[in-house]
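Beneath this line is the structure, given in structure tokens, with notes to follow.
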């Protein structure tokens, strides 16, 4: 075999291997997606939205409690996490800048916290909220989710504000506007779509969190809207139902998985669509 | 008035920014404080002792630490080559029409909650392992594979991003010199994107070490160092997820916090290393 033939052969071999690994990877992922869709559609019916949890074997059991609980947990965490994240990100970009030591330390720590194991954050919240209060509560779950959400929003806000051209700021300053007005009315407004994308992705990320809720908001098989009590979430319900030996509970688990995934995928796609026209302009 | 508002706005954003540092510090502090009784009782032997017997108040973290390391290494061993293969396919081989749809669907799959990967593992993958190797089907091997599948989309997406930063002119020059596609990938793309690829792998490692839900279903939570790869075992997050709500004794609790602290320090170290050694500022935001 000549040298050239050998090179061509090796090249072909690697191309085949790489395509094969792409096929294997995509195969696994398609497998997961298809069982999610098949089991989810099979399990979804109106009862899910009408009824609360019930003992296994009951016809009239559903996920109403978990859907409402999840909405409450995510909604309130968003109300807390988003303003905090945006304000902190504003500080980094507008007062700190790229050269400030403090701002850079906060950036690094946020990056690290973004990848920190979420179960550790759950155990932290357990120690500072659940143990002193004496019971699991919705507020504890919200605290855990907010701690996870803030660094994500903070970093996107910071990045997006830095994309706002400094001529805009200078123009506003030249008109005599004080700095806080420049930030609130010019800079933040200019970065609106970017920040919105960050918020959508942050909410999507937090919605799928299970581990930090296991021992903060815990779970409840019935509808509860009192945040000082344990509260159901889709993710923990999914976990409990899927690990139960009852077939109808497992089915409900798949329904929860399907609804949650669709919600998260919608947020992700929405985030992309919003950001898309901006990217093209660059 | 404006001056006052200006100061007020500056100080309030500053204090919120400082809050993030405060919380990170508080996590370290609180975990240490809560782990203190266990640290006093067991010291460093906690890490080397393999007996975990809550009824006897004997706690050793070795099985959980070994389980974490073994399941993560297994997952990385499986996921890294495949992820690099997928990334090469997406950045160099795939026809233009496929690049975007496949790339976007991989990114979307990275957003699917890990608890769903765990459910898939329990209902669909465990039976396969059970049929192939006998036993329960729950254990180290299953956990490693499920974990690998879970980190694959993330790692493939970040690796592809790193590879895509290779300037076209470099690739074109190599082709002009008569290089095959493999020559270009090996000598130009991988060389150029090396830091990014290693950084992506370490970030994936950080995720895998702390991942709870994907493996809780399929690992078994048995505090025993496995003798066979198919044996059930445990890892730090799995032990936390299973036992935290059940622990009743103070020392039991404290030992779980000790585990959480070890996990936090492990992931903190891994991510810090990845960030400072391989990822330039600004690139790591994704």
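The values are calculated or read from the model by the stated rules, or taken from the named source; none is laboratory data. A quick note: this is a predicted structure, and the numbers were derived from the prediction, not measured. Here Cβ is always computed from backbone atoms with ideal geometry, including for glycine, and neighbour counts include all displayed protein chains.
For the reader, a short list of remarks on this structure follows.
- Qualifying residues in the range B:1-17 (those that are facing chain A (nearest Cβ under 8 Å) and within 37 Å of the chain's Cα centre (by Cα)) - the one surrounded by the most Cβ atoms within 10 Å (Cβ to Cβ): B:17
- Filter pass, residue A:69 being at negative phi, at the interface with chain B (Cβ under 10 Å from one of its Cβ atoms) and crowded, with 18+ Cβ neighbours inside 10 Å: no
- Screening A:12, A:101, A:6 for residues that are within 9 Å of another protein chain (Cβ to nearest Cβ) and surrounded by fewer than 20 Cβ atoms within 10 Å (Cβ to Cβ) leaves exactly one candidate, A:12.
- Complete set of residues in the range B:109-133 that are without any contact (Cβ under 8 Å) to a residue 12 or more places away in the chain and surrounded by fewer than 22 Cβ atoms within 10 Å (Cβ to Cβ): B:111, B:123, B:124, B:127, B:128, B:130, B:131, B:132
- Of everything listed in (1) at the interface with chain B (Cβ under 9 Å from one of its Cβ atoms); (2) modelled with pLDDT under 90; (3) surrounded by fewer than 12 Cβ atoms within 10 Å (Cβ to Cβ), the single unmet condition for residue A:21 is (3).
- Where residue B:111 falls short, out of the listed (1) touching a helix residue (DSSP H, G or I) at 6+ places or on another chain (Cβ under 6 Å); (2) over 30 Å from residue A:202 (Cβ atoms); (3) outside any helix (DSSP H, G or I): (2)
- Filter pass, residue A:232 being facing another protein chain (nearest Cβ under 10 Å), in contact with a helix residue (DSSP H, G or I) (Cβ under 8 Å, 6 or more places away or on another chain) and crowded, with 24+ Cβ neighbours inside 10 Å: no
- 1 or more residues in contact with a helix residue (DSSP H, G or I) (Cβ under 9 Å, 6 or more places away or on another chain) and surrounded by 23 or more Cβ atoms within 10 Å (Cβ to Cβ): qualifying helices (runs of 4 or more DSSP H) within the range A:158-220: A:192-207, A:211-214
- When the range B:49-71 is filtered for residues that are part of a helix (DSSP H, G or I) and under 23 Å from the mean Cα position of the chain (by Cα), the ones remaining, listed by number, are B:62, B:63, B:64, B:65, B:66, B:67, B:68, B:69, B:70, B:71.
- Of the residues making up the range A:102-137, those that are under 18 Å from the mean Cα position of the chain (by Cα) and part of a helix (DSSP H, G or I) are A:110, A:111, A:112, A:113, A:114, A:118, A:119, A:120, A:121, A:122.
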